[in-house]
Structures are given as structure tokens and as C-alpha cells.
Amino acid sequence: MGLRLRQLQVVHRHGDRTPLINIFKGSANARAEEEEVLLWGRQLPAVTELAQLRSKFSVHQGGETQTSFQQRPFGYLTRRGIEQMTKRDQPQLSPPVRVLPPEKDIINTYSIFPEIMQMKADLEKDNAEFAAREYEMAPIKQELMRLFPAVDSGQVPFTWLTAADYFVCRRSHQVPYIPGTEVHGNATERHLGFRFHQMQKALWDHSESKEIVIYSGHDVSLLSVLRTMDAEIANEISFWPDYSSALALELLEDENGKFFVRARLNGEVLAMGEDPDVLYSADRFRDMVSDHIGGLAD
């Protein structure tokens, strides 16, 4: 069967980056805070490397230049991260690169839409299984809050995402953990995985449940899309998309004018649902997604 590619959509995770926060911020040991800045600053590309990238790819801003939400060197792509992204996407890249204007490219969702926090709190309160899990994790949460200087000093609020970010970044760069925290890494990351399984289960079990639209450009958004598609690879709770992962959704047309959808993760064709077929009719794919997210699929 001859197929022609008619449309391609890509959900892409960025490459390796530094932690979002200085975990030693507000520490009584000022030297530790300074050393953390130096440690992650060494992971960033040099000025000459950035200049070389800018000379290769012309970036067209959709609006006025916006000040970064992050404080250098935290929350920036590392030299390794840039290399991962350029290697992954080299076949598709061609200048110029166009970016959304700042008002349409919201990186700090909670500060722009604080009502989302209340929605999350309501969902957590209404879910007995989730509340039980949070109760079980409370001792680990208290211990991490005590051991993370930035949290203990009141400089940064505790979130499980912040905790996971700490473990993932340090493990990725083989940076020593704060003594006492290393034993909680696996439990923290499993807890985040549990949250996504809970979201998926809620969609399956309750057709009248509240609807949430999640906008992001990170591993969590990629994971959400994979699970909404019933991608077989995402059924394992320990699965997590690698840095610079790219999910490609291909809309294909055969010689009879019939449309199909095929999905690839980092070039590998994905099986979806319980069917081993890798080509789905466009209607079938739409119905599968619609079963999970209801009217939003329209």
C-alpha cells in the first residue's frame, strides 16, 4: 500500500538542563549556595558556542524579547542538552527557527493562571486513593523539606516536581546528593509516576469527571500525550521519556484517499491500544483519543 505523508506534528521534550532552583538557596552555609551556582554554571555552553548556534539558526521573535523566568545558571539547557537536541532533530532542522510571542508562550503557568492550583487542590481532596498515597509519602516529604536548604529556609516551597528535578539533574550529571536525600530518590520518582496513572484512571472511570487542559513542553506533557493515545510503551509505571525525546504523529494518505495515523517515538513506530497494528485509520485514532478526553477532541 503506497502512502503519502500529508501532515506531521511533533511533541518534543527539550534536552538535558540544569535544575530549576538552587537547592542551597537560603542555606546557613553561604559557600554551599555559591558552589552550587559555580557547579551548574560549568555545564552551560560557552559564549562562543552560543554564537555559533545563533549564526547557524536565525531566530524570529513573534514579539518583544522577554526576560527569562529563570535565574542563570538554573533552568538552562546544558552543553549536553543542546547537543542532544541538535543530534535528534538534525534531519528536520532548516533555518529560520520561529518562536511564539511571549504572551502565547507561557512557561510559568501557575503564576499566569493561579486558579489551576485550586483545581489541583480540589481534585486531590476528592480522590481518596490519592489522599492515602500522599499520607504514606508524608514522612519522606517532611524529611526532604528538612534536608533541602532552599525549602527548609522558606526560600522555595516544596513540590514533588522540585524534588524529582533535584534527583534527576544530579543523577544525570553524577553530582553528589545532599547527605540523607539519596535514599528517597526512587520513591519520589515513583510517586510522580503514580500521579499520572491516577490521572489516566480518573479519565477512564469517570466520563463526567472534571476536564483539565495541560500546556507544557516537557517530559510530563509528552507522557500525558502517550497515555492518552494508549501507547503500549507508556503502560509501564516506571517509563519516563528521555531527554530530547520526540513524538511524531504522521497523517498518511493512501492511493484511495483514505487517511491513517502512525506514531513514532524517537524514530521507533509505536503500538497503540491493545491492537498490534501500527497504522490507525484517522477516524479510529480520533475515537480512541476522544474516549479519554471527551468533547475536547473535537
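The values are calculated or read from the model by the stated rules, or taken from the named source; none is laboratory data. Computed from a predicted structure; not experimentally measured. For neighbour counting, all protein chains shown are included, and Cβ atoms are generated from backbone atoms with ideal geometry for every residue, glycine included.
Can you pull out the residues in region 235-281 that are polar (S, T, N, Q), in contact (Cβ under 8 Å) with a residue 12 or more places away in the chain and not in a strand (DSSP E or B)?
S238, S244, S245, N266
When you scan region 139-163, how many residues do you find that are assigned to a helix (DSSP H, G or I) and either of a type in the set (V, I, T) or under 16 Å from L192 (Cβ atoms) (or both)?
So the first thing to find is which residues in region 139-163 are assigned to a helix (DSSP H, G or I), and the list is 139-147, 149-152, 160-163.
Applying the additional criterion that residues be either of a type in the set (V, I, T) or under 16 Å from L192 (Cβ atoms) (or both) yields 140-141, 144, 151, 160-163.
Number of matching residues: 8.
From the residues in region 210-232 that are in contact with a helix residue (DSSP H, G or I) (Cβ under 7 Å, 6 or more places away or on another chain), more than 14 Å from L192 (Cα to Cα) and surrounded by 14 or more Cβ atoms within 10 Å (Cβ to Cβ), which one is modelled with the highest pLDDT?
For region 210-232, the residue satisfying everything is L226.
Any chance region 135-148 includes a residue that's of a type in the set (F, W, Y), within 18 Å of R13 (Cβ to Cβ) and modelled with pLDDT of 75 or more?
The answer is no, given that none of the residues of region 135-148 is of a type in the set (F, W, Y), within 18 Å of R13 (Cβ to Cβ) and modelled with pLDDT of 75 or more.
Please identify the pairs in which a residue from region 25-46 that is in a helix (DSSP H, G or I) has its Cβ atom under 7 Å from the Cβ atom of a residue that is of a type in the set (F, W, Y), counting only partners at least 6 apart or on another chain.
A32/F24; E33/F24; E36/F24; W40/F74
Would you tally the residues in region 158-186 being over 21 Å from H218 (Cα atoms) and surrounded by fewer than 18 Cβ atoms within 10 Å (Cβ to Cβ)?
Quick first cut of region 158-186, residues over 21 Å from H218 (Cα atoms) only: 174-184.
Applying the additional criterion that residues be surrounded by fewer than 18 Cβ atoms within 10 Å (Cβ to Cβ) yields 174-180, 182-183.
The total comes to 9.
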